[in-house]
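Asker: Mind having a look at this structure? Questions to follow.
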Amino acid sequence: MAVSTANASELTTEQVQSILVKPLEQASVFLAAGPRIFDTDGSPVRVPKLGGATSPDWKGENEQITDDDVTFDEVVLLPSTIKSVKTLTRFSNELARQSVVSLEAAIKDRLVKDVADKLDAAFIAGALPTETVPGTPDPQATPIGILNYAGTQAITAVGAIGLDDIVDAWGMLLAESANTANAKWLMRPETFVALRKIKAGTGSNQYVLTPDPTQDGVFRIFGSQVIVTNRIPIVDDTQDTTSAVLADFSQIAVARDQAPTVKILDQTFGDYDQQAIRVTARYDAQPLNPKAIVKLTGINI
């Protein structure tokens, strides 16, 4: 019998396709939601804002006008203690030459995506500075997440989420004169699916929230866009719970010292005949008007 590809497959050349299959991953969401972004040269950013309202009054002829002081406040972003997100990957020149894909481009895309994910996780659930000494918070080192902003409105112990909770959150924004046209929801997939499963009544097969066939694939609840993300954490206690946020993102400020920046290091590791790709980024975020944010906590999943 003649030698063929069937009985001598180890001698054949396999085709390796020059594509790189990427894992299914969620997109970055926070910066795409529409916060105000201030570019900076690395120094702290101060955003002045007006304090409370004055008290104009009706006065008659020759009546003395009451003095009223205007108060001011400010939001400070990117204090000097804020760290950067950094990552670096080394690879041999042999691998770079022999790779069937553009290795440099593949690694760059992977690292930029991972840095963006790290930032997103901080923007959503970044922790408050700890207190090594009681009563004295440590300096802020990473961005504080929207779930931990101080001074926001909140609906606590939600339990099984329903449409009334959604309307209540809307009402809280309206009560503070927030711009509900800019309001967007951040919620986990389980939370969104629970809302979509609500039906018109017992025994009904008609869902209350139905997609509009004339609209695109953007998720909406009562007209507000829903951004579905797994980066909202699950609190693991006796009953797994999570959170959701309704926010006017135009009332959130983001200071950008450095967007994810790629540097090819082709000489640093020359004694190993290696190259490296480094990606760095530095951001901070704070609310300009915390009352334009409503947090729903204690949502059962």
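The values are calculated or read from the model by the stated rules, or taken from the named source; none is laboratory data. This structure is a prediction, so every number in the text was calculated from the model and none was measured. Here Cβ is always computed from backbone atoms with ideal geometry, including for glycine, and neighbour counts include all displayed protein chains.
Asker: Determine which member of the set Ala255, Ala169, Ala259, Ala247 is modelled with pLDDT of 90 or more, touching a Ser or Thr at 6+ places or on another chain (Cβ under 7 Å), aliphatic (A, V, I, L, M) and within 27 Å of Leu31 (Cβ to Cβ).
Answerer: Selected residue: Ala255, the only one of Ala255, Ala169, Ala259, Ala247 that is modelled with pLDDT of 90 or more, touching a Ser or Thr at 6+ places or on another chain (Cβ under 7 Å), aliphatic (A, V, I, L, M) and within 27 Å of Leu31 (Cβ to Cβ).
Asker: Let me ask something else. Considering only region 178-216, state which residues are exposed (fewer than 15 other Cβ atoms within 10 Å of the Cβ), modelled with pLDDT of 90 or more and either assigned to a helix (DSSP H, G or I) or under 26 Å from the mean Cα position of the chain (by Cα) (or both).
Answerer: Those that are exposed (fewer than 15 other Cβ atoms within 10 Å of the Cβ), modelled with pLDDT of 90 or more and either assigned to a helix (DSSP H, G or I) or under 26 Å from the mean Cα position of the chain (by Cα) (or both): Pro189, Val193, Lys197.
Asker: Provide a single number: the residues in region 234-283 that are out of contact with any strand residue (DSSP E or B) (no Cβ under 9 Å at 6 or more places or on another chain) and among the small types (Gly, Ala, Ser). Talk me through it step by step, then tell me what you get.
Answerer: Our first condition is that a residue be out of contact with any strand residue (DSSP E or B) (no Cβ under 9 Å at 6 or more places or on another chain); within region 234-283, this holds for 236-238, 270-271.
Add one more test, that the residue is among the small types (Gly, Ala, Ser), and what stays is 270.
Total satisfying the criteria: 1.
Asker: With respect to Asp236, determine if the residue is more than 21 Å from Ala27 (Cβ to Cβ), out of contact with any Phe, Trp or Tyr (no Cβ under 6 Å at 6 or more places or on another chain), surrounded by 13 or more Cβ atoms within 10 Å (Cβ to Cβ) and of a type in the set (Asp, Glu).
Answerer: Spelling it out, it is not the case that Asp236 is more than 21 Å from Ala27 (Cβ to Cβ), out of contact with any Phe, Trp or Tyr (no Cβ under 6 Å at 6 or more places or on another chain), surrounded by 13 or more Cβ atoms within 10 Å (Cβ to Cβ) and of a type in the set (Asp, Glu).
Asker: Something else: What do you reckon, is Ala96 surrounded by 14 or more Cβ atoms within 10 Å (Cβ to Cβ) and either at pLDDT 95 or above or more than 29 Å from Leu296 (Cβ to Cβ) (or both)?
Answerer: Against the criterion (surrounded by 14 or more Cβ atoms within 10 Å (Cβ to Cβ) and either at pLDDT 95 or above or more than 29 Å from Leu296 (Cβ to Cβ) (or both)), Ala96 qualifies.
Asker: Continuing with the same structure: For Ile144, indicate whether it is in a loop (DSSP other than H, G, I, E, B), within 18 Å of the chain's Cα centre (by Cα) and among the hydrophobic types (A, V, I, L, M, F, W, C).
Answerer: yes
Asker: Sticking with this one: Of all residues in region 277-294, count the ones that are under 18 Å from Val75 (Cα atoms) and surrounded by fewer than 24 Cβ atoms within 10 Å (Cβ to Cβ). First the steps, then the outcome.
Answerer: So in region 277-294, the residues under 18 Å from Val75 (Cα atoms) come out as 282-293.
Retained after the next criterion (residues that are surrounded by fewer than 24 Cβ atoms within 10 Å (Cβ to Cβ)): 282, 286-291.
Qualifying residue count for the region: 7.
Asker: With the requirement that a residue be under 28 Å from the mean Cα position of the chain (by Cα) and either touching a residue at least 60 places away in the same chain (Cβ under 8 Å) or surrounded by 11 or more Cβ atoms within 10 Å (Cβ to Cβ) (or both), what does region 47-72 give you?
Answerer: Val47, Lys49 - these are the residues of region 47-72 that are under 28 Å from the mean Cα position of the chain (by Cα) and either touching a residue at least 60 places away in the same chain (Cβ under 8 Å) or surrounded by 11 or more Cβ atoms within 10 Å (Cβ to Cβ) (or both).
Asker: Are there any strands (runs of 3 or more DSSP E) wholly within region 243-301 with 1 or more residues that are touching a residue at least 24 places away in the same chain (Cβ under 8 Å) and of a type in the set (Phe, Trp, Tyr), and if so which?
Answerer: Output list reads 274-287.
Asker: Can I ask one more? What do you reckon, is Ala105 free of Cβ contacts under 8 Å to residues at least 40 places away in the same chain and either surrounded by 10 or more Cβ atoms within 10 Å (Cβ to Cβ) or assigned to a helix (DSSP H, G or I) (or both)?
Answerer: Taking the combined requirement at face value, the residue satisfies it.
Asker: Give the number of residues within region 147-164 that are surrounded by 12 or more Cβ atoms within 10 Å (Cβ to Cβ) and over 11 Å from Lys295 (Cα atoms).
Answerer: Residues meeting the conditions: 3.
Asker: If you don't mind, another one. Take the residues of region 217-227 that are out of contact with any helix residue (DSSP H, G or I) (no Cβ under 7 Å at 6 or more places or on another chain) and either within 19 Å of Pro189 (Cβ to Cβ) or surrounded by 10 or more Cβ atoms within 10 Å (Cβ to Cβ) (or both): which is modelled with the lowest pLDDT?
Answerer: Gly217
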